[in-house]
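Below is one structure, written out as C-alpha cells; the observations come after it.
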C-alpha cells in the first residue's frame, strides 16, 4: 500500500484527493494546508520511521500563494532523496518546473490540475512517481520543448526524435511511445538509440541513459 501526504490549501480539493486515492488502495497518512506544515509533517514521519512514498502538493500555497508549495517540495527532495514528489499547478510555470526537475527527474512529477479529472491517469502518475519514475504533463513537456528549440543542445535531433524524447520526458516506456505514435517497438528503440548517440550518451544501464537524455532535454 502506497503511503501519501497531500499538501493543498483548499480543504475541498484536499478531501477530494484523499478520497480518490484511498478508494484506489493508497493510504493518505497526512493532509496539510501550507508548505511549512508539509516540511514539518514529512520530517516528523521520517523521524518516526514512517517516511511516505510520495507527496502530492500544490505549487501555490499560503501565506503568499506564489511558490511555497514547490519550494517545500524542492527542500524535501534535498532532505529525503528517496521521497517521490508530484506537484499540481493551475498553469504551466516553467520556472517552478525547472526548479523541481533540477538535478534529477527520478521520483518527480509535474501535472496540471485539469489532469486530476482524468482519474486513472492521475492515480497512475502518483504510483509511477512513488516508484521512482517520472510523470510530466504533456503541456509542460511541450513548453519546455518549445524553449529547447532556441538552443543547440538538441539541434542534431530529427523532429521524430524530438517527439520521442518529449514522450520519454513524460515518463512513457518504449511500448507506450510506440502505441502513442502508432509505430513498432523496434522503430522506437531505433529512435531512442539515435537519441543516445546524438547526445553523446555512451553504453551504460538503459534507465540511467534515459534519465540523462531527459535531463539534457529539460535543461536545454
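The table below gives the values:
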item	result
Inter-residue pairs, beta-carbon under 9 Å, first without any contact (Cβ under 8 Å) to a residue 60 or more places away in the chain and in segment 181-192, second outside any helix (DSSP H, G or I) and surrounded by fewer than 16 Cβ atoms within 10 Å (Cβ to Cβ), 6+ apart	191/158; 191/183
Selected residue (criterion: farthest from the chain's Cα centre (by Cα)) from residues of segment 176-188 that are surrounded by 14 or more Cβ atoms within 10 Å (Cβ to Cβ) and not in a loop (DSSP other than H, G, I, E, B)	187
Set 38, 51: member being surrounded by fewer than 20 Cβ atoms within 10 Å (Cβ to Cβ) and either over 19 Å from the mean Cα position of the chain (by Cα) or at negative phi (or both)	51
Qualifying residue in segment 95-107 (condition: out of contact with any strand residue (DSSP E or B) (no Cβ under 6 Å at 6 or more places or on another chain) and at pLDDT 80 or above)	no
Subset of segment 54-98 [more than 13 Å from residue 36 (Cβ to Cβ) and surrounded by fewer than 16 Cβ atoms within 10 Å (Cβ to Cβ)]	65, 66, 78, 79, 81, 82, 90, 91, 94, 95, 98
Subset of segment 128-156 that is at pLDDT 90 or above and surrounded by 20 or more Cβ atoms within 10 Å (Cβ to Cβ) - its residue that is farthest from residue 194 (Cα to Cα)	130
Boolean, residue 88 is modelled with pLDDT of 90 or more, touching a helix residue (DSSP H, G or I) at 6+ places or on another chain (Cβ under 9 Å) and under 16 Å from residue 31 (Cβ atoms)	yes
Positions within segment 156-175 being over 18 Å from residue 200 (Cβ atoms) and not in a helix (DSSP H, G or I), in sequence order	170, 171, 172, 173
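The values are calculated or read from the model by the stated rules, or taken from the named source; none is laboratory data. Please read these numbers as outputs of a predicted model, since none were measured by experiment. Every residue, glycine among them, receives a Cβ derived from its backbone with ideal geometry; neighbour counts consider all protein chains shown.
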